[in-house]
2 protein chains.
Amino acid sequence: MNIITISREFGSGGRELGKRLAGLLGFAYYDREILTTLAHNAALDETYVETALETGWLARIPLTFGASFTYLPSTPHDPAHLLREENKLLRTLAQRGDCVIIGRNADLILQSMEPFKIFVYADLEAKLARCRAHAAKEEPVDDATLKRKIRQLDKQRANHHALLSAHAWGDKAGYHLCVNTTGRPIKTLSDQVAHYARAWFAARG
Amino acid sequence: MNIITISREFGSGGRELGKRLAGLLGFAYYDREILTTLAHNAALDETYVETALETGWLARIPLTFGASFTYLPSTPHDPAHLLREENKLLRTLAQRGDCVIIGRNADLILQSMEPFKIFVYADLEAKLARCRAHAAKEEPVDDATLKRKIRQLDKQRANHHALLSAHAWGDKAGYHLCVNTTGRPIKTLSDQVAHYARAWFAARG
């Protein structure tokens, strides 16, 4: 099975790159679908599932602290339960066939399936420009707010990652290829990475 | 002018990758030639030039400290003079035509010529294996010595780099593409990177 995992800095265009990559290679593409499926299966709100998965590990400590029973039975809305479900779901999806998976620590969770691990990043200015362009469609956001959002989301990703890996999130040692998108059209970069990935899987046989 | 700069961890295979890349793209390849030319022009020993360029900045401080004239006239063996000569030589070579340049902080020195900046790295185990294979041809070296050598050379590169850039040496933010060579044949990787580079320069027009 040929699996590509895309880890990315917020605003770097990693999601778009992953989506195009999947299209170019004819691979399945998994992103929000993962959260939607998890939420559906647990009959929970998608936003709740997202927050629980991303900050649940930390939130869980004060939540259970002081409870009469420290080891509460696992419930569908328990972050640890959701994480186990997410891991199961990622494995199931990966076993179905070639795919590109965005985020969700799939690079670590699917390690045994030897994914081709890509990290996508960019300069802060480039990320701000991309965020501005996206935000403009809905409502304008000032740079200070965007910077805070970028920092906050990347920090969340880093924290979550740190629970599963010896390498820090974004540390190039943890990836096979790190792609800087600053000043480059994602479309062109996707073509380049698609060719790289094809050769990668071909060499593996 | 299409310029590729290769920065690399010692033992990662970056030099071989750069050499193959130049061959595949039909670019000129500059590596030791730079030191040889500098040494020849200054009528100095090549090893002296290498050491002066790599550790000269630090060595220079105690050398001039305490001298009656703090601002000594520049002499051919003065590290600062050699660095200026190196900068000039790099520019001259880059202006001659498409090329791949290994190390020498060419990524920073030629910044204004917009080089495609690649960083090549690998896991410590992979680097040790590569060093062992190379060393075997001459005389076997134990792992502790190799590890020390890798650390020492990479530190020298980092120190030298720090004098010229706000980004730390090896920090992915300072490069366009970071390539992990762990467990991959350099030949295959070179093909992949060559294609990537071709598309890169083509997109730039």
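The values are calculated or read from the model by the stated rules, or taken from the named source; none is laboratory data. Values in this document were obtained by computation on a predicted structure and should not be read as measured data. Using ideal geometry, Cβ is built from the backbone for each residue, glycine included, and neighbour counts are taken over all protein chains shown. Areas reflect the complete protein model, heavy atoms only, side chains present, ligands, DNA and RNA absent. Shrake-Rupley method; radii C 1.70, N 1.55, O 1.52, S 1.80 Å.
Quickly run through the range A:132-152 and pick out the residues that are touching an Asp or Glu at 6+ places or on another chain (Cβ under 9 Å) and at pLDDT 90 or above.
Answer for the range A:132-152, where residues must be touching an Asp or Glu at 6+ places or on another chain (Cβ under 9 Å) and at pLDDT 90 or above: just A:ILE150.
Just one residue in the set B:LYS147, B:LYS187, B:LYS155 is under 18 Å from the mean Cα position of the chain (by Cα), among the charged types (D, E, K, R) and open to solvent by 60 Å² or more (accessible area, probe 1.4 Å); that residue is B:LYS155.
Taking (1) farther than 16 Å from B:LYS117 by Cβ; (2) modelled with pLDDT under 90 in turn, B:ILE186 satisfies each apart from (2).
Criterion applied to B:ARG84, B:ARG104, B:ARG96 was being in contact (Cβ under 8 Å) with a residue 24 or more places away in the chain and surrounded by fewer than 16 Cβ atoms within 10 Å (Cβ to Cβ), and the one residue passing it is B:ARG96.
Any residue at all in the range A:182-193 that is at positive phi and within 13 Å of another protein chain (Cβ to nearest Cβ)?
There is at least one residue in the range A:182-193 that is at positive phi and within 13 Å of another protein chain (Cβ to nearest Cβ).
In the set (1) buried (at least 16 other Cβ atoms within 10 Å of the Cβ); (2) at pLDDT below 85; (3) not β-branched (Val, Ile, Thr), B:ARG8 fails one condition alone, (2).
Return only the number of the condition from (1) within 9 Å of another protein chain (Cβ to nearest Cβ); (2) within 22 Å of A:GLU9 (Cβ to Cβ) that B:HIS167 does not satisfy. Checking B:HIS167 against (1) within 9 Å of another protein chain (Cβ to nearest Cβ); (2) within 22 Å of A:GLU9 (Cβ to Cβ), the one that fails is (1).
Does B:ARG204 meet the test of being closer than 16 Å to B:GLY18 by Cα, open to solvent by 40 Å² or more (accessible area, probe 1.4 Å), out of contact with any Ser or Thr (no Cβ under 8 Å at 6 or more places or on another chain) and more than 8 Å from chain A (Cβ to nearest Cβ)? Considered against the rule, which asks whether it is closer than 16 Å to B:GLY18 by Cα, open to solvent by 40 Å² or more (accessible area, probe 1.4 Å), out of contact with any Ser or Thr (no Cβ under 8 Å at 6 or more places or on another chain) and more than 8 Å from chain A (Cβ to nearest Cβ), B:ARG204 comes out as no. Considering (1) more than 7 Å from every other protein chain (Cβ to nearest Cβ); (2) open to solvent by less than 50 Å² (accessible area, probe 1.4 Å), the lone condition that B:ARG198 does not fulfil carries the number (2). When restricted to residues that are more than 24 Å from B:ARG91 (Cα to Cα), within 14 Å of chain A (Cβ to nearest Cβ) and open to solvent by less than 70 Å² (accessible area, probe 1.4 Å), the range B:115-144 contains 5.
Going by the structure shown, is B:LYS172 more than 9 Å from every other protein chain (Cβ to nearest Cβ) and either open to solvent by 50 Å² or more (accessible area, probe 1.4 Å) or under 18 Å from A:LYS172 (Cβ atoms) (or both)?
no
Taking the criterion of being acidic (Asp, Glu) and surrounded by 17 or more Cβ atoms within 10 Å (Cβ to Cβ), the only residue of the range A:24-43 that qualifies is A:ASP31. As a summary of the residue check, B:ALA158 satisfies the conditions (1) away from chain A (no Cβ under 14 Å); (2) over 23 Å from A:HIS167 (Cα atoms); (3) of a type in the set (A, V, I, L, M) except for the one numbered (2).
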